[in-house]
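Okay, structure first, notes after.
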Amino acid sequence: MAEAATDRLTPEKPGRVRTLVTPEGIDLRLVLADAGQRATAFLIDAAIIVGALVAATIVIAVSFLAFKGKPGEVLAILWLLVFFFLRNAYFIAFELRPGAATPGKRALGLRVASRDGRPLTADAIFARNAMREIEVYLPATFLLVRGGGVDGLIILSGLIWCCVFVFFPLFNRDRLRVGDLVAGTWVVRVPVRRLLPDLAAAGGRTTFAFTSAQIDAYGVKELHVLEDVIRRGSAPMVAEVAMRIRRKIGWTAGATESDWDFLSAYYAALRGRLESRLLFGHRRVDKYDIPGGASRPGGISP
Amino acid sequence: MAGQPLKSQRFRTEREADWARLDDHVRKVERSGPGSLSDAELLSIPVLYRAALSSLSVARATSLDHELIAYLESLCARAYFFVYGSRSTLADRAGRFFRADWPAAARALWRETMAAWLLMALGAIVAYALVRQDSDWFYAFIPSQMAGGRDPSATTAFLHSTLYDDRRQGLSVFATFLFTHNAQIALIAFALGFAFCIPTAFLMIVNGAMVGAMFALYAPRGLGWRLGGWLFIHGTTELYAVALAGAAGFRIGWALAFPGASARIDAVGKAGRQAAMLMFGVVLMLSVAGLLEGLGRQLIQSDLIRYAIAGFMASGWTAYLYWPRRGPSVGG
């Protein structure tokens, strides 16, 4: 089957899955956010902060002009406090909420979690965000410094030093930034998913009669690739995969048979067969894992 | 293959409604907090969560519907974070912070705090000695935009006037500015501790040096006592806060360099949470210092009252943070 082409459709890479055993004894298999998702979430948040700051500045400037500069003192205090709170409290306030995510993180289905599986505490959130001071604001300051008697070489070495912190997440397995390290947190991906309809329901309604040998052609791995192709594959990919399966199992297409119907029906039949095997304690890993025959080393999982 | 549905299909149709209910409740909590749910809904979450978790376990063993398993994993994880998440309300948390956590964190970091004080004192003494020897050193310790004319070339009369006459137009604006500026510096001192304490130590010394250089400028002209009042009315609170911020930074850097018996990553995590607790207090202290500096110093012109406030604040903070008391120690 077109495995190389469908690889990108499988959502999670196994390298980013971490074990979290609940008190009920079930592993939730958390998926860590990757660097791209983290960066995107941060950029969204940064855009919101800058946008809010610009909006607040405009509002304050307009009211300053509207009141002929009389309440200037109050407005100046207001602006300083808005700036301070946007800079420091934005991340903390949002991550303290039950969702433990800023708007940027929420948009990408990310949230902050404690690395040891215990409740996320306020001090951890404070620690991870206070560290932004050296991860974000200090490098930004170095970038903004122009001249002012400061040696270019000093700015450069400052920038290099800052890069250690900025690119820190890329150099550890768990994609921790310095703040995560200090606070004992990490960022996991738990997107809000919609439960899509069961493919076996659609496939079960059609009338295809596969022989037992035809159904036995594939294992669990191929089933999951097939599921991905049916759910998310493009029309040419569906046609290609249908063609290959027909060839493999020796099926001649009827005159009015659509590729999608064929694949759904075959999916339902294959899943029925593999699941009934599963109930008898045998998980057929892939097509090379022949039931009753010489199995591949490590091919049978308990 | 038309005919009866698969076992996994029946399994799913029988439970789908419960999963959808859990999904809906958790979504509401994530969006607008637990207050948005009725009591009945809130009580149903743990039951639905355990049912979903059991479904996940069965589905992993018997179903090959990839989509279903991914959905249940995500749903169970979201529900888990709520069911086993933090229970305390913000008011509870704040109460515990002032009653126990902040003083406990300060006491736990007493060695680091002492180190920060010593480094500041060292900076002050060295700067004082250097400026007394050669007044050009003054410019090395105090940036010209901060000095505002208060440098070795100024007349004694001018220096005297700076201590009493700087009644500014916007006192409260100035106070706010001082608070935000100092809080940012303290946060940097904390965060820089991560680089094995060195930049934090440097910041402590520089901070002390600025005080020392100012004294070296004023003291020879007989203004030392008056400068003390001007500086310490807010300075006791501010230097206290800076020392605590430095201590928080040292704790992290020290845990990173010498993790002791635990793994480095765990040691840093524990130190970080403890130090963060202290930092929250530091920001509060700096807001008090900002008010004292921006308002108190401009409105109170008497040296004695200035010293009285300075002494009161210093002993107040010390008593609050270090007075022995019973209670749970700070923890993660």
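Read-outs throughout are calculated quantities, based only on the coordinates presented, and are distinct from any laboratory measurement. Just so it is clear, the structure is predicted and the values come from calculations on it, not from any experiment. Cβ atoms come from the backbone with ideal geometry, glycine included; neighbour counts cover every protein chain shown.
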Among B:Ser63, B:Val288, A:Asn129 the positive-end extreme of the charge dipole of the protein assembly as shown (Cβ point charges): B:Ser63
Translational diffusion coefficient (Stokes-Einstein; Kirkwood radius from C-alpha pairs) of chain B at 10 °C, 1.306 mPa s, in µm²/s: 66 µm²/s
Span-like helix ranges in chain B, DSSP H, alpha carbon extent 20 angstrom or more, Kyte mean at least -1.0: B:39-62, B:66-83, B:110-133, B:171-192, B:198-218, B:224-257, B:264-291, B:303-322
10 Å beta-carbon shell around B:Arg251, net charge (K/R +1, D/E -1): +1
Gained length - A:Val59 relative to A:Cys163, 0.36 nm times residue gap less alpha-carbon distance: 33.9 nm
Environment charge at B:Ile142 (Cβ cut-off 9 Å; Lys +1, Arg +1, Asp -1, Glu -1): 0
Of every Cα-Cα pair in the range B:7-87, the percent that sits beyond 18 Å: 38 percent
Separation in nanometres of the label points that stand 7 Å from Cα toward Cβ, at A:Asn172 and B:Ala61: 3.7 nm
Pairwise label distance in nanometres, B:Ala157 with A:Trp260, each label 7 Å out on the Cα-Cβ vector: 9.4 nm
Student exercise, chain B dipole from Lys, Arg, Asp, Glu Cβ charges, in Debye to nearest 20: 660 debye
For B:274-280, mean number of other protein chain Cβ atoms within 10 Å: 5
Mean projected area (nm²) of the alpha-carbon convex hull when chain A is viewed from all directions: 25.2 nm²
For the range A:77-139, diffusion coefficient by Stokes-Einstein and Kirkwood Rh (Cα), 37 °C, 0.692 mPa s, µm²/s: 259 µm²/s
Modelled FRET efficiency - R0 35 Å, A:Ala239 with A:Asp286, Cβ distances, 0.05 increments: 0.90
Principal axis dimensions, largest first and in whole angstrom, of the protein assembly as shown by Cα: 107, 56, 54
At least 24 Å along the helix axis (C-alpha) and Kyte average at least -1.0, DSSP helices within chain A: A:35-66, A:72-96, A:259-279
